[in-house]
Amino acid sequence: MNYLPSVFVAALCLLNASDTSVGQLVTFTHITEIGEPQPPFNPPILGSNYVFYSYGGIYQADLNGNITILVDETTSVPGTSELFGGFDPFVSGNDMGVAFIAGGSSVGGVYRTTSDGVAVVADTLTAIPGEDGAFAAFGTPTRSNLHVAFPGGRLGPGGGYTGAYRQDGTDPVGRVADTTTTVPGGVGPFLRFDGVGIDEFYTAFAASSDGQPGSLYLADVATGQLLPIADVNTPIPGSNLTFNVSDSPLIDEGRIAFRGYRLESFVPVAGGVYVYDIPTAQITPIIELFDPLPGGDILGEIQFPSISGDTVGFAGRPGDEFGPSTLFAVVDGQVYRIIGEGDTLDGHFVQTLIYRPEGHNGRQFAFAIQSQGSAYGAIYVATLHLPCPADFNSDTLITSADISAFLSAWFLDLASGTLAADFNASGVTGSSDITAFLSAWFAALAGGC
């Protein structure tokens, strides 16, 4: 005779238990809004406790919307008697401070905030490492804790720059690579540099050379060694094609998120968002062009890939390059839609979505919106709440109906040999799965998922 396990009997006794709500998949926190005469055209960035943005200065806002001015047009340019008079829209950083491009009446460059105010990373008075003369051009900087990197030097061909540079703490700015550096695995020197990514140990940068358009490289800070991440010799995973355009690197915990393509006659025929694992030098596809998106569309264009913890983010356009810009997150291969143009948020039509990779931190995303013909703008933080395992019927509630759904799946597994109710992922459906499910169910009922 087969006896029902005691945990099953206990489960039957719970079918009239109380309910609790799991909550929405994505929630939004309003940070600040700026109306006329100018909405926030500039994308915010996100630390663990603060949102940072540029709007005639550099501002810090906590998640309750309390705003502090970090730098504005009353702040002195370090080393001069001038005041800052203009700020680039793109800032970078975290709770330890930000890096930004700004200038006075005669001096400008890359600066960083400190506990004492503002310090120079490199400006138009700073000598270019290894060259005669001072910096004359600066690309968007990237900051990670006390480390700052940027493309710069002078303007290169096609709008790029002549080098990639880095400052660690208060050390003088140093060269990562420039147009005198030989391309690893290639022929000749680099010709131009574009975006950079940084952490304590590495600098990733996008650069071009003769025969190597738009490739990604990794520089080891300790050894100075340069390695290709994705170049014309690198196969696209799962394809017999190789990359010929790769850019937008962002480093997090030994991994680099980037955008890579294969272009034929200037049209992408393959590509997507990828993650490069630094220790193993392996590339993993996260989502690729023409993959399905939530809602039934396919991915037509990719921008601004990012990685933080177990979550990869990107802005994409459903359908084709003319679709509405939409922010997505990917966790464990599952794609989640966060916000997109055409949505309504707090009663405002999202006419324009403004986002950059450094708006991503864990499962949170800072972004700006514009609406009303660009007369209204606001900054928000979106939080992704992943589906709750105890919400077995996926109705966003923790109720006895989840127990019923689980037990139905459990019995079906026993009868058919399936594993839908293998809750503890042991490879076998058994009484231990009921125990594991009920533990999760009680925890979600008491404290939420």
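The values are calculated or read from the model by the stated rules, or taken from the named source; none is laboratory data. Note that this is a predicted model, so its numbers are computed, not measured. Cβ sites come from the backbone with ideal geometry, for glycine too, and all protein chains shown count toward neighbours.
Any chance you could count how many residues in the range 361-376 are touching a strand residue (DSSP E or B) at 6+ places or on another chain (Cβ under 9 Å) and farther than 17 Å from Ala61 by Cβ? Count: 7. Cβ separations smaller than 6 Å between residues 6+ apart or across chains give the following pairs from the range 96-116 residues that are within 14 Å of Thr126 (Cα to Cα) and without any contact (Cβ under 8 Å) to a residue 40 or more places away in the chain to residues that are hydroxyl-bearing (Ser, Thr, Tyr) and not in a strand (DSSP E or B): Val107/Thr80; Val107/Thr124; Gly108/Thr124; Gly109/Thr124.
Could you tell me whether the range 394-412 includes any residue that is farther than 30 Å from Asp346 by Cα, touching a helix residue (DSSP H, G or I) at 6+ places or on another chain (Cβ under 8 Å) and hydroxyl-bearing (Ser, Thr, Tyr)?
Initially, the range 394-412 is screened for residues farther than 30 Å from Asp346 by Cα, giving 400-412.
Remaining after also requiring touching a helix residue (DSSP H, G or I) at 6+ places or on another chain (Cβ under 8 Å): 402-403, 406-407, 410.
Checking which are hydroxyl-bearing (Ser, Thr, Tyr) leaves us with none.
Scanning the range 394-412 turns up no residue that is farther than 30 Å from Asp346 by Cα, touching a helix residue (DSSP H, G or I) at 6+ places or on another chain (Cβ under 8 Å) and hydroxyl-bearing (Ser, Thr, Tyr).
Of the strands (runs of 3 or more DSSP E) that lie entirely inside the range 235-325, those containing 2 or more residues that are within 26 Å of Thr344 (Cα to Cα) and touching a strand residue (DSSP E or B) at 6+ places or on another chain (Cβ under 9 Å) span 299-308, 311-318. In the range 163-175, the residues that are more than 19 Å from Leu191 (Cα to Cα) reach residues that are of a type in the set (A, V, I, L, M, F, W, C) and not in a loop (DSSP other than H, G, I, E, B) with C-beta atoms within less than 8 angstrom, at least six apart or across chains, in these pairs: Gln167/Val121; Gln167/Ala122; Gln167/Val148; Gln167/Ala149; Thr170/Ala119; Val173/Val121; Val173/Ala122.
Is there a residue in the range 330-350 that is of a type in the set (S, T, N, Q), more than 13 Å from the chain's Cα centre (by Cα) and part of a loop (DSSP other than H, G, I, E, B)? Scanning the range 330-350, I find no residue that is of a type in the set (S, T, N, Q), more than 13 Å from the chain's Cα centre (by Cα) and part of a loop (DSSP other than H, G, I, E, B), so the answer is no. Counting only residues that are assigned to a loop (DSSP other than H, G, I, E, B) and either among the β-branched types (Val, Ile, Thr) or modelled with pLDDT of 85 or more (or both), which one in the range 33-64 is surrounded by the most Cβ atoms within 10 Å (Cβ to Cβ)? Among those that are assigned to a loop (DSSP other than H, G, I, E, B) and either among the β-branched types (Val, Ile, Thr) or modelled with pLDDT of 85 or more (or both), it is Pro44. Screening the range 165-225 for strands (runs of 3 or more DSSP E) wholly inside it with 1 or more residues that are at pLDDT 95 or above and of a type in the set (Asp, Glu) returns the ranges 174-178, 212-220. Out of Leu407, Leu386, one residue alone is part of a helix (DSSP H, G or I) and of a type in the set (A, V, I, L, M, F, W, C). It is Leu407.
Checking each residue in the range 189-216 for being crowded, with 24+ Cβ neighbours inside 10 Å and under 17 Å from Asn233 (Cβ atoms) picks out Phe190, Ala206, Ala207, Ser215, Leu216.
Sort through Asp252, Asp310 and tell me the only one that's surrounded by fewer than 22 Cβ atoms within 10 Å (Cβ to Cβ) and modelled with pLDDT of 95 or more.
Details: Asp310 fails: modelled with pLDDT of 95 or more.
Every option except Asp252 fails the conditions.
The one condition from (1) buried (at least 19 other Cβ atoms within 10 Å of the Cβ); (2) closer than 26 Å to Leu63 by Cα that Pro387 does not meet is (1). If you check Ser248, Ser215 for being without any contact (Cβ under 8 Å) to a residue 40 or more places away in the chain and within 21 Å of Pro157 (Cβ to Cβ), only one passes: Ser215. Restricting attention to the range 259-313, the residues that are of a type in the set (Asp, Glu) and in contact with a Pro (Cβ under 6 Å, 6 or more places away or on another chain) add up to 1.
Just one of the numbered conditions (1) assigned to a loop (DSSP other than H, G, I, E, B); (2) closer than 30 Å to Ser325 by Cα; (3) not hydrophobic (A, V, I, L, M, F, W, C) is not true of Tyr380: (1). The conditions are (1) aromatic (Phe, Trp, Tyr); (2) assigned to a loop (DSSP other than H, G, I, E, B); (3) modelled with pLDDT of 95 or more, and Phe90 fails exactly one of them. Which is it? Phe90 satisfies all of (1) aromatic (Phe, Trp, Tyr); (2) assigned to a loop (DSSP other than H, G, I, E, B); (3) modelled with pLDDT of 95 or more except (3).
Any idea which residue in the range 362-397 is modelled with the lowest pLDDT, counting only those that are among the aliphatic types (A, V, I, L, M) and in contact with an Asp or Glu (Cβ under 8 Å, 6 or more places away or on another chain)?
Applying the first criterion (among the aliphatic types (A, V, I, L, M)) to the range 362-397 yields 366, 368-369, 375, 378-379, 381-382, 384, 386, 390, 397.
After this cut, where a residue has to be in contact with an Asp or Glu (Cβ under 8 Å, 6 or more places away or on another chain) as well, the list is 375, 378-379, 390, 397.
Details: Ala375: 77, Ala378: 91, Ile379: 93, Ala390: 88, Leu397: 81.
Filtering first and then ranking leaves Ala375.
Considering only residues that are farther than 24 Å from Leu83 by Cα and either in contact (Cβ under 8 Å) with a residue 60 or more places away in the chain or aromatic (Phe, Trp, Tyr) (or both), which ones fall in the range 117-157? Listed by number, the list holds a single entry, Ser144. A search for C-beta distances below 8 Å between a residue of the range 409-428 that is surrounded by 12 or more Cβ atoms within 10 Å (Cβ to Cβ) and any residue that is in a loop (DSSP other than H, G, I, E, B) and among the aromatic types (Phe, Trp, Tyr), counting only pairs 6+ apart in sequence or on different chains, returns Ala409/Phe392. Every condition in (1) farther than 21 Å from Tyr53 by Cα; (2) touching a residue at least 60 places away in the same chain (Cβ under 8 Å) is met by Tyr380 except one, and the failing one is (1).
A single entry from Ala375, Ala443, Ala405, Ala368 fulfils the requirement of being buried (at least 21 other Cβ atoms within 10 Å of the Cβ) and touching a residue at least 12 places away in the same chain (Cβ under 8 Å): Ala368.
Of all residues in the range 169-182, those satisfying the criterion of being surrounded by fewer than 20 Cβ atoms within 10 Å (Cβ to Cβ) and within 16 Å of Thr126 (Cα to Cα) are Thr170, Asp171, Pro172, Gly174, Arg175.
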